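Read through the structure below, which is laid out as structure tokens, and then see the notes.
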Ligand code: NAD
């Protein structure tokens, strides 16, 4: 069921009524619309603390966009590393006071102690109110786990609270704030992530922290319009909802997609497959022989898989005391056990190619827990544990990550009672539900060939939900 409130508050009369009653006034989020769309436009302000590590890379990435890039007056080290050509110049805020920014990007990777945190205030304080609608804040820091000194780790961890709080302040403009923590020598691995977090593809991702590590994979240049060209993907639960959106987004980005769902969903599955030029595969992933069946299907195609997305999922809600045992068994079997068994089979037969991607779909219920969902939340927490552990043992450049959707507008959420649905929609920094495509875009970013340093992450696609940590 469409979000009628979002439509109404985006009319002049609706907006003024909502404002006078103190109700939320969510803005229409801008999403990715066309393949030749630049990842960012407008005016972007870039700044850095002393000894920045990523500023040069960030600046070079921004140069590939039509955005006007300004550099805030910063430490001396910035002057040399920020030579960006005619499009950019130093910014004097007293004379450039009329600017509205589409993004503020700050390289905080050089902050070594708590005193140096002052650089955050100095950069953001004068300009934070100059962010335009649907704008972006992106902060780059060093992964605290890789810091040698306590003061360094403390100041880098501080970026998390800072970023999440900015997200809450700017969300009413439809703006997002996210943090990238890089490991030492991982500066060259941030391109796909910078592009993603600055672009409309991340419209519903806010308050998130992503760790990027070193990687031995070739950082091949990709065509930004079709970054997944030549790749083969398998998406489970793809006959509808989020799974269908993942399949469509992969196909849009150039991949060949095998779409899988249970036999009763075949008609819908075939419709999706036809629409995207994909291949339908009928399979109940909880069947004993499902991993073997899937592996043999991939073997017959002959080329192995580049991506597998474990999206199929079920809810079987009841409070624990009222829950029949088959509710418990089914949620665990579909949402957790099946993906472990399928991956085990595919990895053993070497059917996931080098530099391949495994993506699992968790849920904010797996982070925060939810009333009546002990089975579902256990399965979705288990997914997070699985991803974190597997990321330490996978070889040959294969990455594994999870997305944790919040309230997404699907058949599942449309069936909720009105009051619960409305609460779910509004209880986040953007005051609205996400769309299936928002989850799909995040998964496509994980699968980008340049995201080889992104592994073991759980990114919430929840508009920075108030629920959970
Ligand atoms: P959905 O019910 O619309 O789609 C799930 C798909 O999985 C269906 O097509 C279903 O037939 C398929 N499936 C179920 N059991 C299967 C099995 N045994 N074998 C093969 N396929 C099977 O759900 P959705 O809202 O699109 O959710 C997709 C994923 O996102 C799920 O894992 C869900 O838990 C997760 N999620 C959704 C939301 C949301 O707000 N919609 C929020 C958090 C997480």
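The values are calculated or read from the model by the stated rules, or taken from the named source; none is laboratory data. Only a predicted model underlies this, so the values are computations on that prediction, with no experimental measurement involved. Glycine gets a Cβ as well: all are built from the backbone with ideal geometry, and neighbour counts include every protein chain shown.
Figures for the structure shown
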quantity: Test: residue in the stretch 102-111 that is in the same structural domain as residue 176 (by TED's automatic domain parsing) and at pLDDT below 95; calculated: no
quantity: Qualifying residue in the stretch 293-300 (condition: within 10 Å of the ligand (Cβ to nearest atom) and closer than 27 Å to residue 379 by Cβ); calculated: no
quantity: Filtered residue count, the stretch 266-280, keeping only those that are within 14 Å of the ligand (Cβ to nearest atom) and crowded, with 19+ Cβ neighbours inside 10 Å; calculated: 4
quantity: Scope the stretch 111-134; condition touching a residue at least 60 places away in the same chain (Cβ under 8 Å) and under 19 Å from residue 178 (Cβ atoms); matching residues; calculated: 111, 119, 120, 123, 127, 132, 133, 134
quantity: Test result for residue 239, outside the structural domain of residue 61 (by TED's automatic domain parsing) and at pLDDT 95 or above; calculated: yes
quantity: Test: residue in the stretch 352-368 that is away from the ligand (no atom under 11 Å from the Cβ), in contact with a strand residue (DSSP E or B) (Cβ under 9 Å, 6 or more places away or on another chain) and closer than 20 Å to residue 466 by Cα; calculated: yes
quantity: Residue list for the stretch 301-321, filter: in contact with a helix residue (DSSP H, G or I) (Cβ under 9 Å, 6 or more places away or on another chain) and away from the ligand (no atom under 15 Å from the Cβ); calculated: 304, 305, 306, 307, 318, 319, 320
quantity: Residues satisfying the stated conditions in the stretch 229-254, i.e. part of a loop (DSSP other than H, G, I, E, B) and either within 16 Å of the ligand (Cβ to nearest atom) or touching a helix residue (DSSP H, G or I) at 6+ places or on another chain (Cβ under 8 Å) (or both); calculated: 231, 237, 238, 239, 240, 253
quantity: Meets criteria (assigned to a strand (DSSP E or B), surrounded by fewer than 21 Cβ atoms within 10 Å (Cβ to Cβ), modelled with pLDDT of 95 or more and within 16 Å of the ligand (Cβ to nearest atom)) for residue 260; calculated: no
quantity: Residues of the stretch 415-454 satisfying the condition of being within 12 Å of the ligand (Cβ to nearest atom), out of contact with any strand residue (DSSP E or B) (no Cβ under 8 Å at 6 or more places or on another chain), farther than 23 Å from residue 18 by Cβ and not in a loop (DSSP other than H, G, I, E, B); calculated: 437, 440
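Residue-wise test of (1) in a loop (DSSP other than H, G, I, E, B); (2) outside the structural domain of residue 397 (by TED's automatic domain parsing); (3) touching a residue at least 40 places away in the same chain (Cβ under 8 Å); (4) within 17 Å of the chain's Cα centre (by Cα).
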| site | (1), (2), (3), (4) |
| --- | --- |
| 185 | yes, yes, no, no |
| 188 | no, yes, yes, no |
| 193 | no, yes, yes, yes |
| 201 | no, yes, yes, yes |
| 204 | yes, yes, yes, yes |
| 207 | yes, yes, yes, yes |
| 217 | yes, yes, yes, no |
| 223 | yes, yes, no, no |
| 227 | yes, yes, yes, yes |
